[in-house]
Amino acid sequence: MQPPYHQAVHRFALFLVACTLLLLIAGALVTSNEAALSVPDWPLSYGTLLPPMVGGIVFEDSHRKIAGAVLLLTLILAIWLWRAEQRRWMRWLGVAAFGAVLGQAVLGGLTVLLNLHYGMPVAHACLAQIFFGIVVSIALFTSNWWNADHPRLEDSGSPSVHSLAFLNAGVIFLQVVLGAGFRHKDIPIWPHLVGAGAVLATVTWTGAALRRRFEQSREMRLARILLHSIFGMQFLLGIGALWSRMSTANAPQPLPVTIAFTVAHTVVGALLFACGVGVILVCRRLVPFQLFEANSLLHREEAAGRNGPRGI
Amino acid sequence: MKARFWASLACLSGLALVLVSCGKKEESAENAQAGQPAATPIDMSTVGSVSGAVKLEGPAPKPKKINMGADQFCASVHPGGGATEEVVTDASGDLANVIVYVKEGLGNRTFDTPKTPVELDQKGCMYSPHIVTLMAGQTFDVKNADQTTHNIHPVPKNNREWNKSQAPGAPDISDTFAREEVAIPVQCQVHPWMKSYIAVFKHPYFAVTGAKGSFDIKNLPPGTYTLEAWHEKFGVSDQTVTIGAKEAKTVTFSFKPATGGD
């Protein structure tokens, strides 16, 4: 029996996704404008809720205000899910979302108070992506599509599409970590460049598997197109970000071209990770999930013995 | 049970924040000075001096334009935009803002810390002076002459890092650096183009070149010294000089712009 569809909850979850995207943009603007420490105190800004909005303070304080709004919206969503959801795991997912955004608030404060040391900016950046993935997941789980009936799809390839989707999302997240490490000057750029190659490989592999194995599925086609499109955009933005950084390395202040490319690259990176999470969930919804790969392999070997070998 | 768990987690998070807010307390200048040995006596009847100039050989990189539009006050002071102070030279190649100091040769001598504070001002959304030099434990006062807010953020490698805000008309921010370091970058994240450097020494034998690129280090005891000239863009240059009793020596340093320009 499918759980009831709450349109209002779903729309609120979508609204939270949009606000979180805005928060990601605001956060990226702080880093790209080198404004993270323009407000030395936390949680207030210059001892007040209304600091002088000049220079870097505009970016840092705006980021804090939007973060406060997202915190409140997430709390509302968590309470709403707890009261309205029949699915126990969804209630706890709402709690996890609130815990993540609360953790983000603490990390954000520590980032400022510790003067950007001890890996705080990287931790703050990575948890932001995880939180975004959670709210996107909640939006998907509360959707009419997720709660409707769907025919189950047969996965005839190896490794399973679930394994590929997990690998893809994992590699994308690792690339996010490497990108954050470079952006916050903790590591050189070469690991992030190598990571781009790894993401290219997993996105291509996952996209090819979705196309070959589930050619007739509208949802899988959409997932594949989104994954490829967002990755393509991200790859080009990465080239642009690198070029803009190199060509303005000696500038006395962050220049608009660098700010634009680096912010876009950061935010589209979050979208790519969210897309990777979405692919995992769509596969989970449509394709039977075997807990142990060996069982799946055993079934395929038995089927192959009856029907002949199958490809990817 | 569950409520107690979440309450405990909230308390632990708050405790972590409070502990962090108290900041890292390194050895204070007062404590450092309390343990400091008495100054080594110097026979003033034998001291000499070293003076000279610092030159830039070759064409100077042009100052880069600064867009101050992010702050109306800064833009009003610099209607056409500001300019960087990385490389300041005149037509003769005299290089300003070079720190010249005795790097080696003083042995284990110790020196009294001056009581007069050194000033770093913020005027027209630029630091003034661009280079500050002082002794370890000597107070420096940060002033804000601007009608806008700044944050002052020294980023040392060998001293305590801090970041403080200063509103228009706010009192001076006074602080010290406990250890020698050449040189500590100072930043303002409200106005990211603002840059300054603070050089901290254990001795008083240092100078900063002015517009004419000249320096003069007085009251040096006789001896052989390594002099170092430090520039924020061109790096360092060392020379050895021997000063006899009551002798005045002249030294010239030169830097070359990097090939390929900016």
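The values are calculated or read from the model by the stated rules, or taken from the named source; none is laboratory data. Here the structure is a predicted model, which is why all the values come from computation and not from measurement. For neighbour counting, all protein chains shown are included, and Cβ atoms are generated from backbone atoms with ideal geometry for every residue, glycine included.
Which of the residues belonging to segment A:86-110 are closer than 18 Å to A:Thr266 by Cα and out of contact with any Leu (no Cβ under 6 Å at 6 or more places or on another chain)?
A:Gly108
Identify, from the list A:Gln234, A:Gln253, the residue that is buried (at least 16 other Cβ atoms within 10 Å of the Cβ), farther than 30 Å from B:Lys62 by Cβ and among the polar types (S, T, N, Q).
Sole residue among the options that is buried (at least 16 other Cβ atoms within 10 Å of the Cβ), farther than 30 Å from B:Lys62 by Cβ and among the polar types (S, T, N, Q): A:Gln234.
So B:Asp141 clears everything in (1) over 25 Å from A:Ala249 (Cα atoms); (2) surrounded by 18 or more Cβ atoms within 10 Å (Cβ to Cβ) except one condition, right? Which one?
Of (1) over 25 Å from A:Ala249 (Cα atoms); (2) surrounded by 18 or more Cβ atoms within 10 Å (Cβ to Cβ), only one is false for B:Asp141: (2).
I need a count of the residues in segment A:24-39 that are buried (at least 20 other Cβ atoms within 10 Å of the Cβ) and either at the interface with chain B (Cβ under 9 Å from one of its Cβ atoms) or more than 26 Å from A:Leu255 (Cα to Cα) (or both).
Of the residues in segment A:24-39, 6 are buried (at least 20 other Cβ atoms within 10 Å of the Cβ) and either at the interface with chain B (Cβ under 9 Å from one of its Cβ atoms) or more than 26 Å from A:Leu255 (Cα to Cα) (or both).
For B:Pro204, state whether it is touching a residue at least 60 places away in the same chain (Cβ under 8 Å), in a loop (DSSP other than H, G, I, E, B) and in contact with a Gly (Cβ under 6 Å, 6 or more places away or on another chain).
no
Looking at segment B:135-171 only, could you name the residues that are within 23 Å of B:Phe73 (Cα to Cα), outside any strand (DSSP E or B) and more than 10 Å from chain A (Cβ to nearest Cβ)?
Those that are within 23 Å of B:Phe73 (Cα to Cα), outside any strand (DSSP E or B) and more than 10 Å from chain A (Cβ to nearest Cβ): B:Ala145, B:Asp146, B:Gln147, B:Gly169, B:Ala170, B:Pro171.
Test A:Gly179 against the stated conditions and say whether it is within 22 Å of A:Cys275 (Cβ to Cβ), away from every other protein chain (no Cβ under 14 Å) and either surrounded by 16 or more Cβ atoms within 10 Å (Cβ to Cβ) or modelled with pLDDT under 95 (or both).
Criteria met by A:Gly179.
Every residue, every condition in (1) crowded, with 21+ Cβ neighbours inside 10 Å; (2) more than 20 Å from A:Val277 (Cβ to Cβ); (3) within 14 Å of another protein chain (Cβ to nearest Cβ), yes or no:
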{"residue": "A:Gln104", "(1), (2), (3)": "yes, no, yes"}
{"residue": "A:Gly108", "(1), (2), (3)": "yes, yes, yes"}
{"residue": "A:Tyr118", "(1), (2), (3)": "no, yes, yes"}
{"residue": "A:Phe132", "(1), (2), (3)": "yes, no, no"}
{"residue": "A:Thr142", "(1), (2), (3)": "yes, no, no"}
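Does segment A:200-218 hold any residues that are in contact (Cβ under 8 Å) with a residue 40 or more places away in the chain and under 15 Å from A:His162 (Cα atoms), and which are they?
A:Trp205, A:Thr206, A:Ala208, A:Ala209, A:Leu210, A:Arg212, A:Arg213, A:Phe214 - these are the residues of segment A:200-218 that are in contact (Cβ under 8 Å) with a residue 40 or more places away in the chain and under 15 Å from A:His162 (Cα atoms).
Looking only at segment A:201-217, which residues are exposed (fewer than 14 other Cβ atoms within 10 Å of the Cβ) and in a helix (DSSP H, G or I)?
Answer for segment A:201-217, where residues must be exposed (fewer than 14 other Cβ atoms within 10 Å of the Cβ) and in a helix (DSSP H, G or I): A:Ala201, A:Arg212.
For segment A:236-248, name all the residues that are closer than 17 Å to A:His192 by Cβ and either within 14 Å of chain B (Cβ to nearest Cβ) or not in a helix (DSSP H, G or I) (or both).
The one that is closer than 17 Å to A:His192 by Cβ and either within 14 Å of chain B (Cβ to nearest Cβ) or not in a helix (DSSP H, G or I) (or both): A:Met246.
Can A:Arg87 be described as at pLDDT below 95 and assigned by TED's automatic domain parsing to the domain that holds A:Ser45?
Judged against the criteria, A:Arg87 is a match.
How many of the residues making up segment B:141-191 are over 23 Å from A:Thr111 (Cα atoms), of a type in the set (S, T, N, Q) and over 13 Å from the mean Cα position of the chain (by Cα)?
The qualifying residues number 4.
Among the listed residues A:Val257, A:Val177, A:Val171, which satisfies the condition of being β-branched (Val, Ile, Thr) and within 30 Å of B:Lys65 (Cα to Cα)?
A:Val257
Residues checked against (1) surrounded by fewer than 16 Cβ atoms within 10 Å (Cβ to Cβ); (2) over 30 Å from B:Cys74 (Cα atoms); (3) within 16 Å of the chain's Cα centre (by Cα):
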{"site": "A:Val58", "(1), (2), (3)": "no, no, no"}
{"site": "A:Ile66", "(1), (2), (3)": "no, no, no"}
{"site": "A:Leu93", "(1), (2), (3)": "no, yes, yes"}
{"site": "A:Gly99", "(1), (2), (3)": "no, yes, no"}
{"site": "A:His124", "(1), (2), (3)": "no, yes, yes"}
{"site": "A:Val135", "(1), (2), (3)": "no, yes, yes"}
{"site": "A:Ala148", "(1), (2), (3)": "yes, yes, no"}
